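The values are calculated or read from the model by the stated rules, or taken from the named source; none is laboratory data. Note that this is a predicted model, so its numbers are computed, not measured. So basically every Cβ, Gly included, is an ideal-geometry build from the backbone, and we count neighbours across all protein chains shown.
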Amino acid sequence: MGTDTTNALAEAARSAGHAPSIANSQPWHWRVRGDTLELSSDTSRQLASFDPVGRLLMLSCGAALHHARVALAAWGWRVDVDRMPDQQRLELLARLTITGRIPVTPAAARLLETTLVRRTDRRPVMDEVISAKTIDEVRGAAEAEHAWLHVLRSDDVLDLATASAQAAEVEEFDPQWRAELQYWSGGAREEGLGVPGSAIPQERPQTTVSNLDYGRGGELPVQTGHDRAAIYAILYGGDESEYGWLRGGEALSAAWLAATELGLSLTPLSATVQVPGTRQTLRRLLAQLGEPYLVLRLGVPDTTTPAPPSTPRLAPDKVVENVDAL
């Protein structure tokens with residue numbers, strides 16, 4: 001197919017840079033060769049204390065993989081995806097190969113536009129009830145990527161809140177964890193990485209389930225709110241293999257884009273997943289049906305204050321290698 005496919009894959013890799021990642025670490029590397037695009041993990045951007053096993057790194061890379069697939073579908077390319085293709089190269093997470101053309105649908109084109117406006121909004125959500133039909137659409141987007149969304153009942157949310165507070169206490173007593181969080185949030189680091197002050201609330205929101213405490217206020221205005229109408233759900237899968245977490249990241253991206261199109265805010269909450277004791281609480285809330293990947297908060301975003309701006313991204317030449325252009 002030649003130059004057209006090579007250019008499309010390179011552009012898809014660049015488009016995937018808009019994907020969400022843990023602490024905006026963007027722990028991925030893309031390699032373009034002819035009709036093939038390879039996605040690898042980049043452990044130099046793994047958060048050693050925050051994510052020592054690399055679960056959240058895999059979720060992040062899965063989200064980037066889904067974003068690349070969204071871009072290629074919007075441009076009319078049919079793609080075969082081979083996940084974890086080489087057991088001798090475990091850093092190689094996926095290989096995408098263009099196999100032909102497909103019709104471009106309005107939904108596919110719109111989804112690509114949504115990748116540009118998706119945000120992580122850490123403010124409390126509005127006191128507006130979300131319909132069951134809307135939640136079902138978000139759930140369906142996750143299930144299409146072979147993961148599931150378990151919506152918590154009111155009593156379960158209280159259990160989640162307790163577990164979240166316990167996880168926060170465990171992490172905050174770890175000096176290495178605190179130092180790593182301080183590096184990746186606010187302040188200065190390599191250009192294009194981390195969570196800027198503009199995306200961190202000025203003061204910690206008073207919500208039922210605690211958000212991450214950055215240890216300092218940011219620049220994002222926050223109205224008084226308590227997330228009374230928020231929906232909490234657990235994104236989960238069938239196992240906790242690297243393959244499972246990669247698919248979980250694809251499902252996270254799909255659910256997040258669906259929520260954005262439906263006018264919802266989706267905020268990932270990872271603390272209870274990272275601490276072994278509170279992971280057990282999540283498993284219990286799932287009735288042992290699967291492995292918890294992430295807690296999600298869904299709600300109608302606050303419209304009384306300015307929305308958070310987009311977070312910075314690494315320059316494409318830091319994450320995309322085009323072999324044919326060398």
(request) From (1) crowded, with 22+ Cβ neighbours inside 10 Å; (2) of a type outside the set (Asp, Glu); (3) part of a loop (DSSP other than H, G, I, E, B), pick out the condition that doesn't hold for VAL70. (result) (3)
(request) Just give me the residues in the stretch 274-297 being in contact with a strand residue (DSSP E or B) (Cβ under 6 Å, 6 or more places away or on another chain), under 21 Å from ASN24 (Cβ atoms) and of a type outside the set (Ser, Thr, Tyr), in sequence order. (result) LEU294, VAL295, LEU296, ARG297
(request) Please work out which one of (1) out of contact with any helix residue (DSSP H, G or I) (no Cβ under 7 Å at 6 or more places or on another chain); (2) of a type outside the set (Gly, Ala, Ser); (3) over 15 Å from VAL295 (Cβ atoms); (4) buried (at least 16 other Cβ atoms within 10 Å of the Cβ) is the condition LEU112 fails and give its number. (result) (1)
(message) Against the definition (touching a Leu at 6+ places or on another chain (Cβ under 8 Å) and more than 20 Å from ARG122 (Cβ to Cβ)), how does LEU314 come out, yes or no?
(response) yes
(request) Can you work out which of the residues in the stretch 222-255 that are closer than 30 Å to THR305 by Cβ and among the charged types (D, E, K, R) is surrounded by the fewest Cβ atoms within 10 Å (Cβ to Cβ)? (result) ARG228
(request) Return the total of residues in the stretch 178-200 being under 23 Å from ALA161 (Cβ atoms) and either without any contact (Cβ under 8 Å) to a residue 12 or more places away in the chain or over 19 Å from the mean Cα position of the chain (by Cα) (or both). (result) 1
(request) From (1) assigned to a helix (DSSP H, G or I); (2) among the aliphatic types (A, V, I, L, M); (3) surrounded by fewer than 20 Cβ atoms within 10 Å (Cβ to Cβ), pick out the condition that doesn't hold for LEU59. (result) (3)
(request) May I ask you to list the residues in the stretch 149-181 that are part of a loop (DSSP other than H, G, I, E, B) and surrounded by fewer than 15 Cβ atoms within 10 Å (Cβ to Cβ)? (result) ARG153, PHE173, ASP174
(request) Would you please list the contacts, defined by Cβ atoms under 6 Å and residues six or more apart or on different chains, that run from a residue in the stretch 262-275 that is touching a residue at least 12 places away in the same chain (Cβ under 8 Å) to a residue that is of a type in the set (Phe, Trp, Tyr) and crowded, with 23+ Cβ neighbours inside 10 Å? (result) LEU266/TRP256
(request) State whether one or more residues within the stretch 38-49 are assigned to a helix (DSSP H, G or I) and more than 21 Å from GLY248 (Cβ to Cβ). (result) yes
(request) Just give me the residues in the stretch 1-28 being outside any helix (DSSP H, G or I) and over 16 Å from GLU250 (Cβ atoms), in sequence order. (result) MET1, GLY2, SER25, GLN26
(message) Go through (1) assigned to a strand (DSSP E or B); (2) of a type in the set (Gly, Ala, Ser); (3) at pLDDT below 95 for GLY218 and report which single condition fails.
(response) (1)
(message) Just checking, does the stretch 74-85 include any residue being in contact with a helix residue (DSSP H, G or I) (Cβ under 6 Å, 6 or more places away or on another chain), outside any strand (DSSP E or B) and under 23 Å from GLY186 (Cα atoms)?
(response) no
(message) Every residue in the stretch 282-316 that is within 22 Å of the chain's Cα centre (by Cα) and part of a helix (DSSP H, G or I), please.
(response) LEU282, ARG283, LEU285, PRO316
